[in-house]
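Enquirer: I have a structure here, written as structure tokens, and I will follow up with some questions on it.
The values are calculated or read from the model by the stated rules, or taken from the named source; none is laboratory data. Bear in mind the structure is a predicted one, so any value in this text is a computation, not a measurement. Here the Cβ is made from the backbone with ideal geometry for all residues, glycine too, and neighbour counts use every protein chain on show. We work out accessible area using only protein heavy atoms, side chains counted, and drop any ligands, DNA or RNA first. Shrake-Rupley method; radii C 1.70, N 1.55, O 1.52, S 1.80 Å.
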Amino acid sequence: MLEYILVFLGAAIPWIEIMLVIPVGIISGLSPAWVMLLAFIGNMATILLLILGFQQIKDWIGRRNKKKGKSDSKRLQRGKKIMNTYGLPVLTLAGPILIGTHIAAFIGLVFGANKVKTAVWSAISIAFWCLVFGILTAMGFDFFVTRT
């Protein structure tokens, strides 16, 4: 039971997220279906919190960067380029691989994406990548276990 709670919490943490949590959970012997479901719920929970608290976070980051004299990070610049070129669907679908789901959602919101659309596209993206990482890990793990 504790392992499944750790999957949920790990998926909720930015930069650890589903790309790391799902393979580690499945390889450690947990049920792939439960790992994928809990990783989805954990990651979506923090995405929804980000969307709900977006304006406060945006104001805080702006104040912090202004004090430090910082410009946009490389991740933010990459996200802006994707958003401006392809839009919210591609930004959120590419997010888990390129910049992280939380940053992808945040960048979409910064550039004026609707909160509901951001939540929907984030859910689609996270569900898709949970399935991809889960199925590939389970298939690959099963392949190596049966071959040895």
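Enquirer: Report, largest value first, the span of the C-alpha coordinates of the range 22-100 along each principal axis, in whole Å.
Expert: 47, 27, 21
Enquirer: OK, next. Work out Dmax and Rg for the range 34-148 from the C-alpha atoms and quote the Rg first, both in angstrom.
Expert: My reading of the Cα-based Rg and Dmax gives 16.5, 57 Å.
Enquirer: In what order, largest first, do Arg78, Arg63 sit by accessible area if the probe radius is 1.4 Å? Intermediate values should be presented prior to the final figure.
Expert: Details: Arg78 110, Arg63 135 Å².
Greatest to least solvent exposure: Arg63, Arg78.
Enquirer: Still on this structure, I have one more. In the range 20-148, if the dipole is taken from +1 on Lys/Arg beta carbons and -1 on Asp/Glu beta carbons about the Cα centre, which of Val24, Pro96, Gly53 is farthest to the positive end?
Expert: Gly53
Enquirer: Can you give me the distance in nm between label points at Val90 and Ile57, each placed 7 Å from the Cα along the Cα-to-Cβ direction?
Expert: With each label point 7 Å from Cα toward Cβ, the separation is 2.4 nm.
Enquirer: So what is the relative contact order of the chain, in percent, for Cα pairs below 8 Å that sit 6 or more residues apart? The partial results should precede the final answer.
Expert: Values: 172 pairs, mean separation 46.3, N = 148.
Contact order relative to length: 31 percent.
Enquirer: Now for a different question. Return the distance in nm (one decimal) between the two label points of a simple spin-label model at Val132 and Ser73, each offset 7 Å from Cα along Cα→Cβ.
Expert: My value for the distance between the label points is 2.1 nm.
Enquirer: Let me check something: with ligands and nucleic acids excluded, how do Trp60, Trp129, Trp15, Trp121 order by accessible area (1.4 Å probe), largest to smallest?
Expert: Numbers: Trp60 130, Trp129 45, Trp15 160, Trp121 80 Å².
The residues order as Trp15, Trp60, Trp121, Trp129, largest area first.
Enquirer: Need the list of lysines near Lys68 for cross-linking: C-alpha distance under 17 angstrom, and skip anything on the same chain fewer than eight residues off.
Expert: Leaving aside lysines fewer than 8 places away in the same chain, those within reach of Lys68 are Lys58.
Enquirer: At 1.4 Å probe size, what's the solvent-accessible area of Thr85? Round to the nearest 10 Å².
Expert: Spelled out: Thr85, probe radius 1.4 Å, area about 80 Å².
Enquirer: Place a +1 charge on the Cβ of each Lys and Arg in the chain and a -1 charge on the Cβ of each Asp and Glu, then give the dipole magnitude about the Cα centre in debye, rounded to the nearest 20. All intermediate terms of the calculation are to be shown ahead of the outcome.
Expert: Numbers: 15 positive and 5 negative charges, 214 e Å.
That gives a dipole near 1020 debye.
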